[in-house]
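What follows is a short report on a single structure.
The values are calculated or read from the model by the stated rules, or taken from the named source; none is laboratory data. None of these values were measured; they are calculated from a predicted model. Cβ coordinates were reconstructed from backbone atoms using ideal geometry, including for glycine residues, and neighbour counts include every protein chain displayed. Each accessible area value is taken on the protein alone, full model and side chains, heavy atoms only, with ligands, DNA and RNA left out. Shrake-Rupley method; radii C 1.70, N 1.55, O 1.52, S 1.80 Å.
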Amino acid sequence: HQYPAYAYLLGMYLGDGHISRMPRTWRLRVFLNCNRPDVIARTAACITSVIPSGRVGFAVRGRCVQVVSYSRSWPRIFPQSGAGRKHKRVIELEPWQRQLVERYPERFIAGCLESDGCRHRRIVRGRNYPAYSFSNRSEDIIGLFCWACGLMGLRPRRATAVTVSIALRRDVAR
């Protein structure tokens, strides 16, 4: 189904994705760590689900892989694309995008965490706990991530100016 795939891909795009103009089309690139073949495969499958007629390619540069797809539809699919860096421009969801994230917040959160986030361990009073962190330099994107967490009843906390943490045991388990 393309809607959960879109919610995931939106999180990926807002994290480590980039859309650029090519001579006759548009190019989506999502930059991922080579050590995560599961995330790479999931991202490619979501691109194929969102644009079934499109092809997905891969370009490896060091420890990074670019998941690449060309389509004239990318600017309509991700209207947040534009000139300049994402953290220096306004990032807002269109009403139809908000409805999809409201319906599939867990997929959007997964896309955000698998692009600009991580799972890690926290040591509190000598005890080792799992936690998640999401980092982004865009205040708007951090706001969208926290909003989606709220839709699921999660309670993210601001760890630094650019990092949000999900560390409460109940939230991590969810």
**Prompt:** Just checking, how many residues over region 24-48 are within 16 Å of the chain's Cα centre (by Cα) and either over 20 Å from residue 107 (Cα atoms) or among the small types (Gly, Ala, Ser) (or both)?
**Reply:** 3
**Message:** Take the conditions in a strand (DSSP E or B) and more than 21 Å from residue 108 (Cβ to Cβ) and apply them to residue 69. Does it pass?
**Reply:** no
**Prompt:** Given the structure, is residue 134 in contact with a Gly (Cβ under 7 Å, 6 or more places away or on another chain) and not in a helix (DSSP H, G or I)?
**Reply:** yes
**Prompt:** Among the residues of region 72-127 satisfying the criterion of being part of a helix (DSSP H, G or I) and among the polar types (S, T, N, Q), which is farthest from residue 148 (Cα to Cα)?
**Reply:** 115
**Asked** Take the residues of region 148-174 that are without any contact (Cβ under 8 Å) to a residue 40 or more places away in the chain and assigned to a helix (DSSP H, G or I): which is nearest to residue 91 (Cα to Cα)?
**Response** 150
**Message:** If I ask for residues that are outside any helix (DSSP H, G or I), under 23 Å from residue 76 (Cα atoms) and not basic (Lys, Arg), which ones from region 33-57 would you list?
**Reply:** 51, 52, 53, 54, 56, 57
**Request:** For region 52-67, name all the residues that are open to solvent by 20 Å² or more (accessible area, probe 1.4 Å), among the hydrophobic types (A, V, I, L, M, F, W, C) and under 20 Å from residue 11 (Cα atoms).
**Result:** 56, 58, 64
**Index of the failed condition, residue 10 passing every other in (1) open to solvent by less than 30 Å² (accessible area, probe 1.4 Å); (2) in a strand (DSSP E or B)** = (2)
